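K.L.:
Following this message is one structure expressed as structure tokens.
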Amino acid sequence: MLGISRGLPAYTAAQAEREWRRELSAELHFGELTGKTMLVVGLGGIGTEIARRAHALGMRVTATRNSSREGPDFVAYVGLSDELHKLAGQADVVVNSLPLTEQTTGLLDRDFFAAVKRGAIYINVGRGKTTVTEELIAALESGQLYGAGLDVIDPEPLPEDSPLWQLPNVIITPHVASAGGASRQRTALIAVENLRRYVAGEALLNLVDMEAGY
């Protein structure tokens, strides 16, 4: 989100060519994140932490979730899944943190991107198959979307001939958003704590609802 809003793909390309292009700033029409609205699609554990950080940046945060309208204080409004298109039309940044289920597969399609506020930024840190890639590309090429940050894509790995590689308003990372030493350490600590809880007969952390799929 920060990279796209500040035009880092264009500056990175200029750096590769050793070009000092201050005039690129005139082409950055997105503006500051402070005061803008973020929609978190899928207010689970990841979505909640994203919302927390967006709020700290001075953004107004809305969200959708499948289970209820309950949410933390830093989320201004939590809508159910049937409010997705309405909320997307009000958001400057849409963050997809959905799990992959039968209901979410292909959820973000042509109708969704048509409903998104024109000039919004789209971020996907959920699952690639929740988004119809061809419709995402069309929205980026038409200007319906200002840009996109994609850590997950359908398919993975992304084929060499995908148009996404060449789009100047896209940042792609290969499904590594959670990578890092601190992340691995936290995972190990949770595993150790869960082992202690299991032996003690206590409730475990981070349980998966097999029926819900997440």
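Every number here is computed from the coordinates shown, using simple stated rules; none is lab data. The shown structure was predicted, so the numbers you read here are calculated from the model rather than taken from an experiment. Cβ atoms come from the backbone with ideal geometry, glycine included; neighbour counts cover every protein chain shown.
K.L.:
Using the Cα atoms of the chain, I'd like the radius of gyration and the largest Cα-Cα distance, Dmax, both in angstrom.
P.N.:
Cα radius of gyration and Dmax of the chain are 18.5, 63 Å respectively.
K.L.:
Here's a follow-up. Given a cut-off of under 8 Å on Cα pairs at least six residues apart, what relative contact order in percent is computed for region 1-148?
P.N.:
Dividing the mean separation by the residue count of region 1-148 yields 20 percent.
K.L.:
Near A212, within a Cβ-to-Cβ distance under 15 Å, what is the net charge of the other residues, with Lys and Arg +1 and Asp and Glu -1? Don't jump to the answer; show the numbers that get you there.
P.N.:
Working: positive: R65, R127; negative: E102, D209, E211.
Local charge sum for A212: -1.
K.L.:
Go through 140-150, 75-85 and give me the packing order, highest mean Cβ count within 10 Å leading.
P.N.:
Details: 140-150: 19.1, 75-85: 15.6.
In descending order of packing, they fall as 140-150, 75-85.
K.L.:
Provide V40, V116, V125 in ascending order of the number of other Cβ atoms located within 10 Å of each residue's Cβ, fewest first.
P.N.:
Exposure proxy ranking, most exposed first: V125, V116, V40.
K.L.:
Sort 57-68, 20-31 for me by packing, meaning the mean count of neighbouring Cβ atoms within 10 Å per residue, highest on top.
P.N.:
57-68, 20-31
K.L.:
Beta carbons within 10 angstrom, averaged per residue: use that to sort the peptides 98-104, 206-212, highest first. All intermediate terms of the calculation are to be shown ahead of the outcome.
P.N.:
Values: 98-104: 17.1, 206-212: 8.1.
Result, highest mean Cβ count within 10 Å first: 98-104, 206-212.
K.L.:
Mind running the shape call on region 55-122? Use the C-alpha gyration tensor, a ≥ b ≥ c as the square roots of the eigenvalues: rounded below 1.5 for a/c, prolate if a/b tops b/c, oblate otherwise. Don't jump to the answer; show the numbers that get you there.
P.N.:
On the way: a/c = 1.84, a/b = 1.15, b/c = 1.60.
Oblate, because a/c is 1.5 or more while a/b does not exceed b/c.
K.L.:
Can I ask one more? How high is the relative contact order of region 111-203? Use alpha-carbon pairs under 8 Å, at least six apart in sequence, and give a whole percent. Before the final figure, lay out the partial values.
P.N.:
On the way: 92 pairs, mean separation 23.7, N = 93.
Answer for region 111-203 is 25 percent.
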